[in-house]
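First up is the structure itself, then whatever we jot down about it.
Computed from the coordinates by the stated procedures, all read-outs in this text should not be read as laboratory data. Model, not experiment: these values are computed from the prediction. Because the Cβ atoms are built from the backbone with ideal geometry, glycine has one as well, and the counts that use them run over all protein chains shown.
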Amino acid sequence: MGLDVLFKIAGVGILISVFHIALKQAGKEDMAQICAIAGFAMVLLWVVQILGRLFNTMQDVFKLF
Amino acid sequence: MWLKLAGSVCVVAAGASIGFKLAMRLCERPRQIGQVISCLAALKSYINYVTMPLPEALKKCTGGMRGPVADFFHRTAQILEERGWVTPGEAIEEVLASSSGELALGRHEHEILCVLGANLGLVNREEQYKYIGMVEGQLRMIEQEAARLRDQNMKMYRYLGICGSLIIVILLI
């Protein structure tokens, strides 16, 4: 896995914030909101996958269930 | 690695070019509306004071102007000269349909020009003069609105083009 995902999340965060500012300055507050939510959902998908892997590893390590 | 880098550069270049193209079109719109207004002012004078035939007036009203707007008036004049049975309205509609890619005019301007064409050459000089004046006024209002939209959205399209392509690159890598 490495640090790739962290850098990806940081990159997406920076770009989404630029999106948000550009759309807000253009008077499209609703689109800016939707864009921020879409970015959040995208990052959440990655994080959920990583968390799932973490829980599987914990199950294997501690022999749970 | 190099293949990924080359692909990423291509995606960013494509996204940025789309964004810049949209921004350019937005920037071009008020300029073209201004050109149409100045052509109509000249056309008004040619119709009312010089009583010039319509195809000739349409050719001369561009007054050395170049670009898609001048081409629009020239092509309309050409159609009217070549095919005598075509009405000015039909000629304008035909040229607008064929040059919609070059002209950065919106739906409102298209409608106004079509209505102008429908009334051109059908009524007497004074009525045409009044009608073109009214169309000029409408186009001035649209020009102001287009300039406001340009100031508001030009930067946004550029940012969205570049940042959108960067997000696609991040997602694909």
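Here are the numbers:
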quantity: Total charge dipole magnitude, segment B:1-71, about the Cα centre, Cβ charges on Lys, Arg, Asp, Glu only, Debye to nearest 20; calculated: 120
quantity: Low-density loop positions, trypsin sites (Lys or Arg not before Pro), segment B:75-116 - DSSP coil, at most 16 other Cβ in 10 Å; calculated: B:83
quantity: Quarter of Cα convex hull surface for chain B, i.e. mean projection, nm²; calculated: 12.0
quantity: Tail weight of P(r) past 23 Å, computed on alpha-carbon pairs of the protein assembly as shown, percent; calculated: 63
quantity: Least to most buried among A:31, B:141 (fewest other Cβ within 10 Å first); calculated: B:141, A:31
quantity: Order of B:27, B:61 - criterion: other Cβ atoms within 10 Å of each residue's Cβ, fewest first; calculated: B:27, B:61
quantity: Gain upon complete extension [residue B:17, residue B:108; 0.36 nm per residue less C-alpha separation]; calculated: 30.1 nm
quantity: Cα gyration tensor category, rounded, prolate or oblate, for segment B:65-112 with a/c compared to 1.5; calculated: oblate
quantity: About the Cα centre, charge dipole magnitude for segment A:4-62 (Lys/Arg +1, Asp/Glu -1 at Cβ), debye; calculated: 100
quantity: Label-point separation in nm, residue B:25 to residue B:49, each point 7 Å along Cα→Cβ; calculated: 3.9
quantity: Cα-only radius of gyration and Dmax that characterise chain A, units Å; calculated: 16.5, 55
quantity: Pairs beyond 22 Å (Cα-Cα), from A:8/B:21; A:24/B:155; A:8/B:4; B:21/B:59; A:28/B:21; calculated: A:8/B:21; B:21/B:59
quantity: Over segment B:19-171, relative contact order from alpha-carbon pairs under 8 Å, at least 6 apart, %; calculated: 38
quantity: 10 Å Cβ shell holding at most 16 others, DSSP loop, chymotrypsin sites (Phe, Trp or Tyr not before Pro): longest site-free stretch of chain B; calculated: B:86-173
quantity: Nearest-0.05 FRET efficiency for residue B:144 and residue A:24, computed from C-beta distance (R0 41 Å); calculated: 0.95
